[in-house]
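Comments concern the structure below.
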């Protein structure tokens, strides 16, 4: 086959697939709140939220977030704690921080207008090739391709690509096909059609090939390989981490610390440490409390929970402790504070913290009959033990 013939076949493939996808999308697209606008900021927010998160989970978060921060200016002016509070429970909190930083840059450099040029968009914090393509095609009607998990699956099956996802040659082939498809009318609708097809029809397991508008162009279906493609990327087994957390309470309040490192990433949560080799959980709990004075630690754990993150599996043993009513954080420590239980929604707490608060709610301090509290820190006697 000559290069010219191959180019003609490729163009015909793209034309056929594009037409079929757009016709199907016009009839089958879900009515989602971010599809009712072409505001580039709204598209940006929705695409960041949708990364690694289900649509039905995102909808209420998106609506609340846009009501609170309807413009880049409003988001840029908000304290980080307010932003994380609105994101609380959605997970992957680095997304929220990058979006916040990006909004501040849009205000500072572009007068509050999301930039039209793709290279300017990709220079924003947290905006990669995919997000830039989504904003460019949907909001600005520019022929910019995108490839996410759903699109990669659709294209890998259409083309019967049998090299692993994530490999350089695989990624180049996927982006080339995505670029060929988006070079035509309605690029934003075309990109959304690809994503919608992957979400509703060309699913990871049990693809609904009988409902697929491009089945006649699918090489994987023709070869009987629809269920085995795409070839997944090689992944390392998740790391297992043993943690200990302590709920330190006083009437109506709970002590929160701002976490550091890759696991906690600046979120507010219960004092938490990783257990050392051979370390008793109760000793780790005392270490988690640090030098906080006027504290009685219950030596009996409240229980243990499992929590999955992208690259690790956490096993967390929870303890409870009570603080004297006059206890306060060390002077000048902005990484720790008491927070009212009815105000937790106003700060960014993770799903793990919510699980731990629920686990420890029945025993917020060492007051159960027959249990001797373990004194920790300073010499003050905790409230209720005088």
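The values are calculated or read from the model by the stated rules, or taken from the named source; none is laboratory data. Note that the coordinates shown come from a computational prediction; the quantities given were computed from them, not determined experimentally. Cβ coordinates were reconstructed from backbone atoms using ideal geometry, including for glycine residues, and neighbour counts include every protein chain displayed.
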Residues of segment 120-147 satisfying the condition of being in a loop (DSSP other than H, G, I, E, B), surrounded by 20 or more Cβ atoms within 10 Å (Cβ to Cβ) and in contact (Cβ under 8 Å) with a residue 60 or more places away in the chain = 127
Count of segment 85-101 residues which are assigned to a helix (DSSP H, G or I), under 13 Å from residue 268 (Cα atoms) and within 12 Å of the chain's Cα centre (by Cα) = 1
ask   = When the residues of segment 259-286 are filtered to those that are out of contact with any helix residue (DSSP H, G or I) (no Cβ under 8 Å at 6 or more places or on another chain) and within 16 Å of residue 335 (Cβ to Cβ), which remaining residue is modelled with the highest pLDDT?
value = 259
note = Note: among 39, 56, 31, just one is in the same structural domain as residue 188 (by TED's automatic domain parsing) and under 18 Å from residue 100 (Cα atoms), namely 39
task = Kindly indicate whether residue 325 is at pLDDT 50 or above, in contact with a strand residue (DSSP E or B) (Cβ under 7 Å, 6 or more places away or on another chain), assigned by TED's automatic domain parsing to the domain that holds residue 296 and part of a strand (DSSP E or B).
result = no
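Give the residue, chosen from 207, 277, that is under 30 Å from residue 26 (Cα atoms) and out of contact with any strand residue (DSSP E or B) (no Cβ under 9 Å at 6 or more places or on another chain). Explain how you work it out, then say what you get.
On the way: 277 fails: under 30 Å from residue 26 (Cα atoms).
Testing whether each residue is under 30 Å from residue 26 (Cα atoms) and out of contact with any strand residue (DSSP E or B) (no Cβ under 9 Å at 6 or more places or on another chain) leaves just 207.
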task = Please determine, by comparing only the residues of segment 223-252 that are closer than 30 Å to residue 19 by Cα and in contact (Cβ under 8 Å) with a residue 24 or more places away in the chain, which one is farthest from the chain's Cα centre (by Cα).
result = 223
